Amino acid sequence: MLRIALQSKGRLNEKSVELLREAGIGIEENSRRLLSRSSNFPVEVLYLRDDDIPQTVSCGIADIGIVGLNEVKERNHPVEVLQHLGFGRCRLSLAIPKYLEYTGLEFFQGRKIATSYPGILAEWFREKNIGCEIIEIAGSVEISPSIGLSDGIFDIVSSGGTLVQNGLKEVETVMESDAVLIGTCGLDEEKMQTVNVLMSRFRSVLCSRGKKYMLVNVPDEKIEEALKIIPSMKSPTLLPLADKGWSAIHAVVDEADVWDKAAELKKIGAEDILVLSMEKLII
Ligand code: PRT
Ligand code: ZN
C-alpha cells in the first residue's frame, strides 16, 4: 500500500484532492481524518500541514507527497522531485517599500530582510555574495517594513496584490514554484510501479486541462489548409461526410485558441464547427 501525504487544508488541498479524483482514485471527502484509504487504488492518504510534508516523505513515513516546490527547497530534506503538477503557481521575491529607489542587488548589503523562507534566501544571498540580516518570522511578513522590523521582505507573490496593499514593490524574483509530487529516495520496485501508474494518470489529467475537442466540416480541397490551422497530435482524423466532397476533421485544441482557430477555419470555407469538452486525454 502506497502512502501519499497531502496538505490537510489550505491552498493546495483542494487541487491535490481534485487531481487524485480526476486520476480515478476514489478517496473519502472528509479531510479531517488524518489517514484515509482509497476504495479503488492501492493508496492511502495522509493529511498534514504543508511544512511537514517534505520531512514525512524524506524519512519514508509517507512514500510520496504533494507540496509546493518552495517548501521542498526551504526544508531541504532529501527527497526526489518526481513531477511538476502545474497548480499552486507562485514566485518567491524580494520586495522593498515603494518610495525607496532600488539600485540593484547592493541595495540589500547590510539590510534587514524579514521572511518565512530564511533557508532559500540565505543560500541565494550567499551565491550573490551579499551580506544581509535575515529575520525569520512565521506570518504577516508583508507588514514588517511598515512597523520598522525590517528594510524589505522576501515572500511568496502570486498576483502581487498583497505587496501593493502594503506599499511594497517587487524588485527581485528568487525562485518560481508550483506544486510538485515528491517521493522518498530509493522507493522499492513494487511501490515504484504504483507511483509510475499514478504519474502516468497525472500526466494525462494535466494534459487534458485547458483543451477542447473540435469537429469541423471542410470541403475536401481545403483539408490541407485546415490541417495547418488545427494540427493533429499524430495523424489527422478525417471522416468522409455523406455529402460528397466534404470531410469532417477531429482535433484537440487549446481552449484559449478556440475562437481564433474557428474564425480562421470559417475563412477557408469550413462549416458546422463543433467544440466539445474533453474529459480525458490518455497519453
Ligand atoms: O496550514 P499549512 O501550513 O498547511 O498551510 P500554509 O498556510 O503554510 O500554506 P498555504 O495554504 O497558504 O499555501 C500553500 C502553498 O501554496 C505555498 O507553499 C505555495 O507553494 C502555494 N501558493 C501559491 C501560495 C500562494 N500561491 C500565495 N499567494 N502560498 C501563499 N500565498 C500567499 C503569500 O504568502 C502572500 O501572503 O498569498 C499572498 C500573496 O498573494 P498575492 O496574490 O497577493 O500576490
Ligand atoms: Zn505551512
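The values are calculated or read from the model by the stated rules, or taken from the named source; none is laboratory data. None of the values given here were measured: they were computed from a predicted structure. FYI the Cβ positions are ideal-geometry reconstructions off the backbone, even for glycines, and counts take in every protein chain you see. Accessible surface is based on the protein model in full, side chains and every heavy atom, while ligands, DNA and RNA are left aside. Shrake-Rupley method; radii C 1.70, N 1.55, O 1.52, S 1.80 Å.
Of the numbered conditions (1) acidic (Asp, Glu); (2) open to solvent by 40 Å² or more (accessible area, probe 1.4 Å); (3) under 29 Å from GLY210 (Cα atoms); (4) within 13 Å of ligand 1 (Cβ to nearest atom), GLU71 satisfies every one except a single condition; which is it?
Here GLU71 meets the rest and fails (2).
Which residue, of GLU28, GLU44, GLU18, is in a helix (DSSP H, G or I), away from ligand 1 (no atom under 14 Å from the Cβ) and open to solvent by 10 Å² or more (accessible area, probe 1.4 Å)?
GLU18
Can you list the strands (runs of 3 or more DSSP E) lying wholly within region 220-283 that have 2 or more residues being more than 18 Å from SER208 (Cα to Cα) and open to solvent by 40 Å² or more (accessible area, probe 1.4 Å)?
Hits in region 220-283: 237-240, 271-277.
Condition check: open to solvent by 30 Å² or more (accessible area, probe 1.4 Å), free of Cβ contacts under 8 Å to residues at least 40 places away in the same chain and either away from ligand 2 (no atom under 16 Å from the Cβ) or in a helix (DSSP H, G or I) (or both). Does GLY186 satisfy that?
It is true that GLY186 is open to solvent by 30 Å² or more (accessible area, probe 1.4 Å), free of Cβ contacts under 8 Å to residues at least 40 places away in the same chain and either away from ligand 2 (no atom under 16 Å from the Cβ) or in a helix (DSSP H, G or I) (or both).
Looking at SER36 and the list (1) within 16 Å of ligand 2 (Cβ to nearest atom); (2) assigned to a strand (DSSP E or B); (3) among the hydroxyl-bearing types (Ser, Thr, Tyr), which single condition is not satisfied?
Unmet condition: (1).
Out of region 47-63, which residues are open to solvent by less than 20 Å² (accessible area, probe 1.4 Å), in contact with a helix residue (DSSP H, G or I) (Cβ under 6 Å, 6 or more places away or on another chain) and outside any loop (DSSP other than H, G, I, E, B)?
Scanning region 47-63 gives a single hit, PRO54.
Of the residues GLU123, GLU136, GLU127, which single one is within 16 Å of ligand 2 (Cβ to nearest atom) and open to solvent by 40 Å² or more (accessible area, probe 1.4 Å)?
GLU136
Does region 89-112 include one or more residues that are within 22 Å of ASP51 (Cβ to Cβ), of a type in the set (Lys, Arg) and away from ligand 2 (no atom under 16 Å from the Cβ)?
yes
Determine which single condition THR103 fails, assuming it passes every other condition in (1) β-branched (Val, Ile, Thr); (2) touching a residue at least 40 places away in the same chain (Cβ under 8 Å); (3) more than 20 Å from MET175 (Cα to Cα).
The single condition THR103 does not satisfy is (2).
For residues that are of a type in the set (Gly, Ala, Ser) and under 16 Å from SER16 (Cβ atoms), scanning just region 55-94, find the one that is farthest from the chain's Cα centre (by Cα).
ALA62
So how many residues does region 203-230 have that are closer than 19 Å to ALA256 by Cβ and in contact with an Asp or Glu (Cβ under 6 Å, 6 or more places away or on another chain)?
So the answer is 4.
Could you tell me how many of the residues in region 139-167 are touching a residue at least 24 places away in the same chain (Cβ under 8 Å), over 18 Å from TYR102 (Cβ atoms) and near ligand 1 (Cβ under 6 Å from one of its atoms)?
2
Within region 139-157, track down each residue that is out of contact with any helix residue (DSSP H, G or I) (no Cβ under 6 Å at 6 or more places or on another chain) and either open to solvent by less than 50 Å² (accessible area, probe 1.4 Å) or within 16 Å of ligand 2 (Cβ to nearest atom) (or both).
Across region 139-157, the qualifying residues are GLY139, SER140, VAL141, SER144, PRO145, SER150, GLY152, ILE156, VAL157.
Evaluate the following for ILE4: is it away from ligand 2 (no atom under 16 Å from the Cβ), more than 25 Å from LEU149 (Cβ to Cβ) and part of a loop (DSSP other than H, G, I, E, B)?
Judged against the criteria, ILE4 is not a match.
What tally of residues in region 80-120 results from selecting those that are within 13 Å of ligand 1 (Cβ to nearest atom) and not in a helix (DSSP H, G or I)?
15
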